[in-house]
Amino acid sequence: MADFNKLADAIFKGDVAEVVATTKVLLNDGATPLEIVNDGLLAGMNIVGPKFKAGEMFVPEVMMSARALGEGMRIVKPMLSASDAVSVGTVVIGTVAGDLHDIGKNLVVMILKSGGFNVIDLGIDVPPEKFVEAVKEHNPQVVGMSALLTTTMAAMKQTLDAMTEAGVREQVKVIIGGAPVTQKYADEIGANGYASDAILAKELCAELIG
Ligand code: B12
């Protein structure tokens, strides 16, 4: 019998070997790749998010879970049919200028990808003009910006201004995140949304694209 809970638990524990083994057993038992993603892999990450927020899990553990998620995804991704891989939309994302933190941004990328989004990751220390170029080149529905320093939050506003100046602001929804960022700040600078974790970021993207 397919045991999605076992897979979710292995993700939560960051147990790569168990994730790989259980994913294979589930596939053998007839579970669909999409069921494995939603009911096993992402269900596991859904346990991790709140526990991390509550201070019951720490960064290295979250990274282990994220790595385990990646390994599970590697097995099922090629099997997801075109219709399964609901290409819900394209998201351009990056850590803003002056900021080198990318652990959280990478989690967001991973969760978005596993949710079927086409993600263009611009990396860290991304200047406003690079965001603008990426919007022109990839025509995304959503642009995501991450900042972990109070000093680099200002770069989010500068990026929004650069997008307005380049005439591309209206064609995308802009979302922001990172530990010091708040909904209030998002409202202040005129971003379209804010999310406090990767799971909520995915939900927000889906909602904005809706
Ligand atoms: C790891 C870390 C580092 C690593 C970064 C490694 C890496 N590859 O990312 C290193 C050692 C390089 C580093 C360097 C520095 N750091 Co540092 N760092 C941290 C630390 C410990 C953890 C951050 C982290 O990864 N959290 C875990 C992730 C999962 O959480 P998260 O990033 O918040 O992401 C989640 C959400 O915010 C959201 N999210 C994130 N991005 C986005 C984007 C979008 C669009 C959305 C919707 C959501 C979203 O989803 C994520 C997943 O759930 C924090 C302390 C802390 N507890 O936050 C300090 C911290 C952020 N660092 C700090 C500082 C000061 C620095 C340095 C200036 C230190 C120095 N003097 O050199 C440098 C700055 C370098 C630079 N220019 O960026 C301060 C910032 C203080 C402030 N208020 O500005 C902190 C808060 C530590 C402290 N208490 O003083 N740091």
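The values are calculated or read from the model by the stated rules, or taken from the named source; none is laboratory data. Model, not experiment: these values are computed from the prediction. Note: ideal-geometry Cβ built from the backbone for every residue, glycine included; neighbour counts use all protein chains shown.
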Which ones in segment 111-158 are closer than 20 Å to ILE209 by Cβ and of a type in the set (Val, Ile, Thr)?
ILE111, VAL119, ILE120, VAL135, VAL142, VAL143
Anything in segment 121-154 that is surrounded by 18 or more Cβ atoms within 10 Å (Cβ to Cβ) and out of contact with any Gly (no Cβ under 6 Å at 6 or more places or on another chain)? List them, or say none.
ASP121, PRO128, PHE131, VAL132, ALA134, VAL135, PRO140, VAL142, VAL143, GLY144, MET145, MET153
Output yes when any residue across segment 51-66 is modelled with pLDDT under 85, closer than 26 Å to ALA21 by Cα and part of a loop (DSSP other than H, G, I, E, B), and no when none is.
no
Go through segment 21-51 residue by residue and tally those that are of a type in the set (A, V, I, L, M, F, W, C) and under 15 Å from the mean Cα position of the chain (by Cα).
6
For segment 12-30, how many residues meet the condition of being buried (at least 20 other Cβ atoms within 10 Å of the Cβ) and either at pLDDT below 95 or away from the ligand (no atom under 14 Å from the Cβ) (or both)?
5
Taking LYS105 as the residue in question, decide whether it is touching a helix residue (DSSP H, G or I) at 6+ places or on another chain (Cβ under 6 Å) and basic (Lys, Arg).
no
Quick test of your reading of the structure: ASP9 fulfils all but one of (1) touching a residue at least 60 places away in the same chain (Cβ under 8 Å); (2) buried (at least 17 other Cβ atoms within 10 Å of the Cβ). Name the failing condition by number.
(1)
Would you confirm whether or not segment 137-152 contains a residue that is charged (D, E, K, R), farther than 23 Å from ASN106 by Cβ and modelled with pLDDT of 95 or more?
no
Let me confirm something: among VAL86, VAL76, which residue is at pLDDT below 90, within 25 Å of LYS173 (Cβ to Cβ) and more than 11 Å from the ligand (Cβ to nearest atom)?
VAL86
Away from the ligand (no atom under 11 Å from the Cβ), within 23 Å of LEU148 (Cβ to Cβ) and in the same structural domain as GLY14 (by TED's automatic domain parsing): does that describe MET64?
yes
The listed residue being more than 18 Å from LYS202 (Cβ to Cβ) and of a type outside the set (Phe, Trp, Tyr), out of LEU69, LEU26, LEU80, LEU34
LEU26
Taking segment 159-169 as the region of interest, how many residues are over 21 Å from the mean Cα position of the chain (by Cα) and buried (at least 16 other Cβ atoms within 10 Å of the Cβ)?
4
Inspect all residues belonging to segment 75-95 and state whether any of them is part of a helix (DSSP H, G or I), touching a residue at least 24 places away in the same chain (Cβ under 8 Å) and crowded, with 16+ Cβ neighbours inside 10 Å.
yes
Only one of these is within 15 Å of VAL143 (Cα to Cα) and under 14 Å from the mean Cα position of the chain (by Cα): GLY178, GLY190. Name it.
GLY178
